[in-house]
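The values are calculated or read from the model by the stated rules, or taken from the named source; none is laboratory data. Predicted model only: the values in this text are computed from it and were never measured. Reconstructed Cβ throughout: ideal geometry from the backbone, glycine too, with neighbour counts over all protein chains shown.
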């Protein structure tokens, strides 16, 4: 299990790589669809495969609460439980504990919180979360970390980084399997703290590195500054995972800035609301202008939705609250994201990624 | 376009037939999944095809309201609109006008009602409903009729039959296409009125006959009495469609009583609530006993759901409100219904349908 850097684009900081996991190869840059609760919302595994999805993301916090450790253990791990035989990354749930759970208390040993579902009390240590991800059998595990929202004082960030670093050390020690484990770099928008965090976390020598605490409320220019700065500070020979990003444009920018992996709920969440991403921009298919529009969602797309159905039909399905509508748009969006990344990889290989992004943006925004 | 009676079971009144429609052959007995609003709820056309579905049902009342005549005309009919290239039956919407619409007034010319969606006023004549089904391009059209709920006085039934007969005559006259048109036999639970209705409707010579007004609140024994009596009174050389039936057991009984076609929302509606139909009975997959049950929904089933997923996983999906759960159970249920009918056809061919039903019931009820 390793990461191999294959090529660096000459027109940007974009990289081409290959990640070898226990369940197969992942070509980077890679978009990793989010299956929080052991399912990519509204879609089947076969549909994900047909779209070209190489790896999916699940969430340890959610799976710990439901179906729980016992069921997942008896199932023989997450791959078997959900019948997905490709690579799986799991988030530690740190972010969810800090955004969803209630009454949480961070102590040195771990974090105490109440479930957002039934109010039950839990105490999670970094060791426990690694242990749970061993049960899951994730190909890439993430350690427990503290993710702060923006804005936050320098002092708070410094205190928080100490905890995240301590938890990273303990997570590494608890590992003891061949599953990959990434280190997470926090530090909010303080570049010198990001630098210090990179040094500390890289000093522990993880299998890859995640850039956390980005796109948590800060303005766009700060997102780019922090991403580019942190990515550049990370070692070349390890995969870089930018957590929770984003829209098609966010993702292209992050690739330009040197990130390799991206997970985001946007294609499925927005898909369930009727928003489709296309090569010529975003469409809200619920809208009246699509009532008699018998073109496919995207003429350039070869997905099941675009091969078979029209905008008018999908608009009708949303208008009548039919589940097939959100299925078809979620499916199209995932396929679009995967295809966008595939096309990006080709552009990187040919050292023309900067121009590719520029051309894409013109078409995408001119709608 | 025609119906050919191929074989009569020697152990019951079950029949084997072949219905030729403009969009392909339909082997009877046939279960016809319901796609009220131009979609089988939560499922894709490809999934329906893979299950072996030969014909689907749509609803003229619903489609008249949304997306409406104009959109369907511009789309080039319902097959193109929903991208289903197999046979489609459409219900006239008579039943929906009498169960969903508000403030309806039945006059000799037609029926006035307010839409259950937005309260808009509509006046529908039998001619208009045939005209709309011509726009839809249905392979089998149904005329406007009046469907009375149980119980209802003999006097009311007699008055109502006059209207239904008049509308049937006018529908036949308005037809003027090669689409098949079925006549609907009403008459509530009054067998002599059913007999009179059969004589009148058959006298008009339709392409097939529907038994309406069954399973509208009357007890089980009356359902069977009326179905068997009415089916027996209908001509042998035409298909018999029992409207809105039913559970697997209802369907097998109706086949024994000589009915050929069945449409029902049960497999998808119950599927969306976690109820699965299997060769050994019904399962409520939301229930706790399935939490750690890693068997497929039905070991005897070869559908996508049973090939890939466990009861425990599906129970988790329902428990976490994930759409994939209701997709998987709806899909399994449709496949089960289709397979049950395929197996029934084999038993009829081999003159052992009575025993087949008896054996099936033992396994099904012993759970």
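Of note:
- Scanning the range A:315-349 for residues that are more than 14 Å from chain B (Cβ to nearest Cβ), surrounded by fewer than 24 Cβ atoms within 10 Å (Cβ to Cβ) and within 30 Å of residue B:63 (Cβ to Cβ) returns no hits.
- On the stretch given as the range A:216-233, residues that are surrounded by fewer than 22 Cβ atoms within 10 Å (Cβ to Cβ) and farther than 16 Å from residue A:29 by Cα total 11.
- Filter result (farther than 30 Å from residue A:122 by Cα and more than 13 Å from chain B (Cβ to nearest Cβ)) within the range A:43-95: A:51, A:52, A:53, A:54, A:86
- For the criterion of being buried (at least 21 other Cβ atoms within 10 Å of the Cβ), within 16 Å of residue B:94 (Cβ to Cβ) and in the same structural domain as residue B:25 (by TED's automatic domain parsing), residue B:163 fails.
- Just one residue in the set A:146, A:112, A:54, A:127 is over 17 Å from residue A:22 (Cβ atoms), at pLDDT 95 or above and in the same structural domain as residue A:26 (by TED's automatic domain parsing); that residue is A:127.
- The combined condition, being within 14 Å of another protein chain (Cβ to nearest Cβ), surrounded by 23 or more Cβ atoms within 10 Å (Cβ to Cβ) and either closer than 29 Å to residue B:65 by Cα or in contact (Cβ under 8 Å) with a residue 60 or more places away in the chain (or both), is not fulfilled by residue A:252.
- Qualifying residue in the range A:12-31 (condition: in contact (Cβ under 8 Å) with a residue 60 or more places away in the chain and within 14 Å of another protein chain (Cβ to nearest Cβ)): no
- Scanning the range B:31-52 for residues that are in contact with a strand residue (DSSP E or B) (Cβ under 8 Å, 6 or more places away or on another chain) and part of a helix (DSSP H, G or I) turns up just one, B:48.
- Of all residues in the range A:125-135, those satisfying the criterion of being touching a residue at least 40 places away in the same chain (Cβ under 8 Å) and within 18 Å of residue A:58 (Cα to Cα) are A:126, A:129, A:130, A:131, A:132, A:133, A:134, A:135.
- Selection from the range A:277-305 of residues that are more than 11 Å from every other protein chain (Cβ to nearest Cβ), more than 25 Å from residue B:117 (Cβ to Cβ) and out of contact with any strand residue (DSSP E or B) (no Cβ under 9 Å at 6 or more places or on another chain): A:278, A:279, A:280, A:281, A:295, A:302, A:303
- Filter result (in contact with a helix residue (DSSP H, G or I) (Cβ under 6 Å, 6 or more places away or on another chain), free of Cβ contacts under 8 Å to residues at least 60 places away in the same chain and buried (at least 21 other Cβ atoms within 10 Å of the Cβ)) within the range A:277-295: A:285, A:290
- Residue among B:210, B:168, B:197 that alone is under 22 Å from the mean Cα position of the chain (by Cα) and under 24 Å from residue B:37 (Cβ atoms): B:210
- Near pairs, Cβ below 9 angstrom, 6+ apart or cross-chain, from the range A:166-178 (assigned by TED's automatic domain parsing to the domain that holds residue A:109 and under 16 Å from residue A:108 (Cα atoms)) to any residue that is at pLDDT below 95 and surrounded by fewer than 18 Cβ atoms within 10 Å (Cβ to Cβ): A:166/A:108
- When residue A:263 is tested against (1) touching a residue at least 60 places away in the same chain (Cβ under 8 Å); (2) farther than 19 Å from residue A:149 by Cα, only condition (2) is not met.
- Residues in the range A:255-276 that are buried (at least 21 other Cβ atoms within 10 Å of the Cβ) and within 12 Å of another protein chain (Cβ to nearest Cβ): A:268, A:271.
- If you filter the range A:33-42 down to residues that are free of Cβ contacts under 8 Å to residues at least 60 places away in the same chain and facing chain B (nearest Cβ under 9 Å), you find that the one that is surrounded by the most Cβ atoms within 10 Å (Cβ to Cβ) is A:38.
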